[in-house]
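Read the structure below first, then the notes.
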Amino acid sequence: MADQVALLRQAGALRQAGRFAEAERAYVEALRRWPHMADSWYNLGYVQRQLGKYDAALHAYQQAIDRGASQPEEIRLNRAVIFADHVHDDAAAERELREALRLSPRYLPALLNLGNLQEDRGQRGEARACYERVLELAPRDSEALARLANVSSFKDASDPLIARLQAALDRPDLAAAEKASAAFALGRALDSTGAFGAAFGAYTRANAFSRASFGAAARYDRAAQERFIDRIIAAFPQAPAPSATHAKRAPVFICGMFRSGSTLTEQILAGHPRITAGGELAFLPRLVQQRLAPFPEAAARLDAAAAAQLAGEYRAMLERSFPGADLVTDKRPDNFLYIGLIKRLFPEAKIVHTVRHPLDNILSIYFLHLDPSMSYALDLEDAAHYYREYRRLMRHWKKLFGDDILDVSYDDLVRNPEAEVGALLAFLGLEWSDACLAFQARKNSVKTASVWQVREPLYQRASGRWRHYATQLAPAAAYLEGLLPTQM
């Protein structure tokens, strides 16, 4: 018994310290000796999920259920997240969520996740039903209220749902993170009715609440970002030497600023019979954070054999996730940071770089509830600074890999889609397909903030949206001098 306690204590300490590979080994050893421990199977599933070992995590979670773990509905929820976000099996995710709700019909996290899954699939009515059910069970649930607002349409500012959002923001018991969600939803609702001044006020409050909820993580360090970009440029001073052609084509990497049209571009490409939409794949960011830390220096030291091994692992991941796919898109906007690494792993890779009017871009970022790692989004001038640094890095990549990088302008795409899509397909060496322009009818899952925009035909109302907020954007516009189009 003492050995068991000591080993489990060690495994738990490693897990809490974020040393997941060591924690996995400890849990595996404990379960080899005492396989009946349901909670340890659950913890093993957790650490394997953190390590990106999704099949193993699913197995461990199932073992926890089979061995009688308490709160099996929570384990079903964890399995659903893996199926939806990593295994790309929405049907399995829905089965897990519905099983969680069968076990516990009032389990609100499962209802919220089911609503989110229905949003990803473009099923607005089903998503609304989930959020309305949460509000029946918990009328003061501000997250469900915000999500309900985000799948609703508004004709004018007198809509009762707008009043409910405003009332939620006046509640003293609401945490800052919950107020942020409600305020972002309120801003969106008011913007859609044309109440632009009130909308900007709501978004300003939303970002202030986000800053309060994030704490120290909310600070954007401009000098540190400049040093980081300097280091990337120094680490990749020249293009890698040409290498032998791989048997399979490289993935297509779609990157750029967040909210620059990358989801729309991927949806258009996904209409092509040879292309499968991969969405925002976690392989490269995880590689950079774990095995190639510190980045960029460790990545710059990769030799040919190590690069070939990592490229092989990436391809194996694609084959597991998208078996039989011909050409897969990896649409991580922030992969623009890793273009040097991408070209080291896949010298033949094509980079689709999505761009948009800078003021529209930073405004869209400011209007979105984002992760604390994107702290620049909380302030328009910080967003403008980040944008300048991104453009500086892209200028460097274009000097090295210009022939393999294509700018796809969101503004040009919505105005002249056939010409822009034709140029994009030609860049990728693909023949024309009419299906590329029927992207709004596609039934695939979309897991980004643009989930509803890409369910509609192309429209121009988001291009030039910044003009509604020209006064509020003036300080950021001054910061972007030299980067703004001459025709404003």
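Structure notes:
- Residue match in segment 74-84 (condition: more than 30 Å from Ser142 (Cβ to Cβ), polar (S, T, N, Q) and touching a Phe, Trp or Tyr at 6+ places or on another chain (Cβ under 8 Å)): no
- Of the residues making up segment 293-341, those that are over 30 Å from Leu264 (Cβ atoms) and assigned to a loop (DSSP other than H, G, I, E, B) are Ala293, Pro294, Arg301, Leu302, Asp303.
- The residue that is farthest from the chain's Cα centre (by Cα), among those in segment 445-477 that are assigned to a helix (DSSP H, G or I) and at pLDDT below 90, is Arg455.
- Single residue of segment 119-134 satisfying the filter (surrounded by 21 or more Cβ atoms within 10 Å (Cβ to Cβ) and at pLDDT 95 or above) that is nearest to the chain's Cα centre (by Cα): Ala127
Residues are listed down the side, and each one gets a yes or a no for (1) within 30 Å of Pro240 (Cβ to Cβ); (2) not hydrophobic (A, V, I, L, M, F, W, C):
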site: Ile339; (1), (2): yes, no
site: Lys350; (1), (2): yes, yes
site: His357; (1), (2): no, yes
site: Leu370; (1), (2): no, no
site: Met374; (1), (2): yes, no
site: Tyr386; (1), (2): yes, yes
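- In segment 386-431, of all residues being out of contact with any Asp or Glu (no Cβ under 7 Å at 6 or more places or on another chain), surrounded by 17 or more Cβ atoms within 10 Å (Cβ to Cβ) and among the acidic types (Asp, Glu), the one that is nearest to Arg344 (Cα to Cα) corresponds to Asp404.
- Gly187 among the small types (Gly, Ala, Ser) and at pLDDT below 95: no
- Out of Asp404, Asp371, one residue alone is within 18 Å of the chain's Cα centre (by Cα) and assigned by TED's automatic domain parsing to the domain that holds Ala241. It is Asp371.
- The set of residues from segment 103-131 being in contact with a Gly (Cβ under 9 Å, 6 or more places away or on another chain) and not small (Gly, Ala, Ser) comprises Gln118, Glu126, Arg128, Cys130, Tyr131.
- For segment 386-423, filtering for residues that are of a type in the set (A, V, I, L, M) and more than 17 Å from Phe336 (Cβ to Cβ) leaves 5.
- Criterion violated by Val352 - all others in (1) in contact with an Asp or Glu (Cβ under 6 Å, 6 or more places away or on another chain); (2) within 19 Å of Glu280 (Cα to Cα); (3) buried (at least 22 other Cβ atoms within 10 Å of the Cβ) satisfied: (1)
- Residue match in segment 248-260 (condition: of a type in the set (A, V, I, L, M), within 24 Å of Phe401 (Cα to Cα), in contact with a Ser or Thr (Cβ under 7 Å, 6 or more places away or on another chain) and assigned by TED's automatic domain parsing to the domain that holds Asn335): yes
- Being under 22 Å from the mean Cα position of the chain (by Cα) and in contact (Cβ under 8 Å) with a residue 60 or more places away in the chain holds for only one residue in Asp89, Asp85, and it is Asp85.
- Every condition in (1) more than 21 Å from Pro273 (Cα to Cα); (2) at pLDDT 95 or above holds for Leu428 except the one numbered (1).
- Helices (runs of 4 or more DSSP H) within segment 138-215 that include 2 or more residues surrounded by fewer than 18 Cβ atoms within 10 Å (Cβ to Cβ) and not charged (D, E, K, R): 160-169, 176-192, 196-214
- Within segment 98-118, the set of residues being polar (S, T, N, Q) and within 23 Å of the chain's Cα centre (by Cα) comprises Asn113, Asn116, Gln118.
- Within segment 284-296, none of the residues are in contact (Cβ under 8 Å) with a residue 12 or more places away in the chain, among the β-branched types (Val, Ile, Thr) and in contact with a strand residue (DSSP E or B) (Cβ under 9 Å, 6 or more places away or on another chain).
- Number of residues in segment 103-128 that are in contact (Cβ under 8 Å) with a residue 12 or more places away in the chain and either closer than 22 Å to Ser70 by Cβ or hydrophobic (A, V, I, L, M, F, W, C) (or both) equals 13.
- Single unsatisfied condition, Ala218 versus (1) at pLDDT below 95; (2) loosely packed, with under 14 Cβ neighbours inside 10 Å; (3) of a type outside the set (Lys, Arg): (2)
The values are calculated or read from the model by the stated rules, or taken from the named source; none is laboratory data. For clarity, every value in this text was computed on a predicted model and none was experimentally measured. All Cβ positions, glycine included, derive from the backbone under ideal geometry; neighbour counts span all protein chains shown.
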